[in-house]
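Below is one structure, written out as structure tokens; comments come after it.
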Amino acid sequence: MNGIGGWAIVDKQSDEFVGWGGLKLVKEPTNKHVNFYEKAYRFKRKYWRQGMAAESALASLAYGFKVLDLTEIFAAAYVDNTGSNKILLNCRMKFIKTLYFDEATLCNWYRISNNDWKRACLL
């Protein structure tokens, strides 16, 4: 729907499903935004720290900006999840602020614009 969705990620050597990544259209008000695109991923713990989440994040941003021509993409990561926060920063997403999702989950909120992404790709 809307040209987006979760992509299944499979280990090429074992054919095992390891997680998913992609973009989603968030239609509910979140952090004073509505109808925005969010980069998200989830991986089985045994596949953490292998570069798959970073690869998924970069592929999702490229798809969002090159194919869908989005103007901006957001992402959130649990404050204590240093791996995900590092991935989002390495993808040139900019930290905006810390906020609560679902009134209980403290997350860091990130954003990248199409222009910022294009500039980062030229580095």
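Every number here is computed from the coordinates shown, using simple stated rules; none is lab data. What you are looking at is a predicted structure, and each value in this text was computed from that prediction instead of being measured. Note that each Cβ is placed from the backbone with ideal geometry, even for glycine, and that neighbours are counted across all protein chains shown.
What the table shows:
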quantity	calculated
Separation of the TYR100 and ASP80 label points, Cα + 7 Å toward Cβ, nm	1.7 nm
Cleavage-rule hits, trypsin sites (Lys or Arg not before Pro), the stretch 69-118, DSSP coil, Cβ neighbours within 10 Å at most 14	none
Whole-number percent relative contact order across the stretch 6-121, with pairs defined as alpha carbons under 8 Å at least 6 apart	19 percent
Simple spin-label estimate for LYS12 and ARG42 in nanometres, 7 Å along Cα-Cβ	2.6 nm
Label point 7 Å beyond Cα of TRP20 along Cβ direction - residues of the stretch 30-61 with amide nitrogen under 12 Å	40-43
Per-residue ³J(HN,Hα) for the stretch 40-53, Karplus 6.51 cos²θ - 1.76 cosθ + 1.60, θ = phi - 60°, Hz, x for Gly and Pro	9, 7, 9, 10, 4, 3, 5, 9, 5, 6, 10, x, 5, 5
Loop sites in the stretch 37-123: GluC sites (Glu not before Pro), DSSP, at most 12 other Cβ within 10 Å	GLU103
